[in-house]
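Working notes, structure below.
The values are calculated or read from the model by the stated rules, or taken from the named source; none is laboratory data. Given the structure is predicted, the values throughout are model-derived calculations rather than measurements. Cβ atoms come from the backbone with ideal geometry, glycine included; neighbour counts cover every protein chain shown.
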Amino acid sequence: MMISLRKFEEADRSAVLALSVATSQVPFVGEVAELLQEVEGMHRQVIENQDKGIVGFFRFDTNFAKCHEFASKTELGVRSFFIDQRYQGRGFGQQACKAIREYATKHFAEFNTAVLTVNCKNPSAINAYIKAGFIDSGELYLGGTAGPQHIMRMALNKI
């Protein structure tokens, strides 16, 4: 059940577009086709399982602090994190979240912390992030379109 993270490549486009979440999760994640658009500061990543192939997707946002006043310049944003609905509940999301620390430290060494927001209406995601090592800051981000969100952080390893 090995999970790895890697940079999105154009050859991954059709596999990522085939990923989906439940209709109830779309407000939290967004539409997959929109997530694939190239945006300055957004670094698209795939979540891969050695047996199943690409099972999820997310983006690192190196400009996160420019749009979120609660974030500092040394915080790397984690956005639009999701596991395909066919593979949810198998531990892939938790494994991928745990892998963020090492992966981000290696590829985004200028950042000290990974930060994300997770909707208050999404308790399973909140629990998964906590189990993976993210810490709930106790603050809420109120600027999201789908309602209040917990602000969660994970310290990155410093080599």
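Residue under question is residue 38, and the condition is that it be within 20 Å of residue 62 (Cα to Cα), assigned to a helix (DSSP H, G or I) and either in contact with a helix residue (DSSP H, G or I) (Cβ under 8 Å, 6 or more places away or on another chain) or free of Cβ contacts under 8 Å to residues at least 40 places away in the same chain (or both); does it hold? Spelling it out, it is not the case that residue 38 is within 20 Å of residue 62 (Cα to Cα), assigned to a helix (DSSP H, G or I) and either in contact with a helix residue (DSSP H, G or I) (Cβ under 8 Å, 6 or more places away or on another chain) or free of Cβ contacts under 8 Å to residues at least 40 places away in the same chain (or both).
Given the condition part of a helix (DSSP H, G or I) and touching a Ser or Thr at 6+ places or on another chain (Cβ under 9 Å), answer yes or no: does some residue in the range 83-90 qualify?
Going residue by residue through the range 83-90, those that are part of a helix (DSSP H, G or I) are 85-87.
With touching a Ser or Thr at 6+ places or on another chain (Cβ under 9 Å) added as a condition, the list becomes 85-86.
The answer is yes; a qualifying residue exists.
If we scan the range 44-52, do we find a residue that is crowded, with 19+ Cβ neighbours inside 10 Å and charged (D, E, K, R)? Outline the logic, then answer.
Of the residues in the range 44-52, the ones crowded, with 19+ Cβ neighbours inside 10 Å are 44-49.
Still in the running and charged (D, E, K, R): 44, 48.
Checked the range 44-52: at least one residue is crowded, with 19+ Cβ neighbours inside 10 Å and charged (D, E, K, R).
Restricted to the range 1-22, and to residues there that are outside any loop (DSSP other than H, G, I, E, B) and polar (S, T, N, Q), the residue that is surrounded by the most Cβ atoms within 10 Å (Cβ to Cβ) is 4.
All of (1) touching a helix residue (DSSP H, G or I) at 6+ places or on another chain (Cβ under 7 Å); (2) of a type outside the set (Lys, Arg); (3) within 18 Å of residue 60 (Cα to Cα) hold for residue 122 with one exception: (3).
Only one entry of 116, 142 meets the criterion of being surrounded by 15 or more Cβ atoms within 10 Å (Cβ to Cβ), out of contact with any Leu (no Cβ under 7 Å at 6 or more places or on another chain) and within 24 Å of residue 41 (Cβ to Cβ), and that entry is 116. Could you please find all residues in the range 105-159 being modelled with pLDDT of 90 or more, outside any loop (DSSP other than H, G, I, E, B) and among the hydrophobic types (A, V, I, L, M, F, W, C)? 114, 115, 116, 118, 126, 130, 135, 140, 151, 152, 154, 155 - these are the residues of the range 105-159 that are modelled with pLDDT of 90 or more, outside any loop (DSSP other than H, G, I, E, B) and among the hydrophobic types (A, V, I, L, M, F, W, C).
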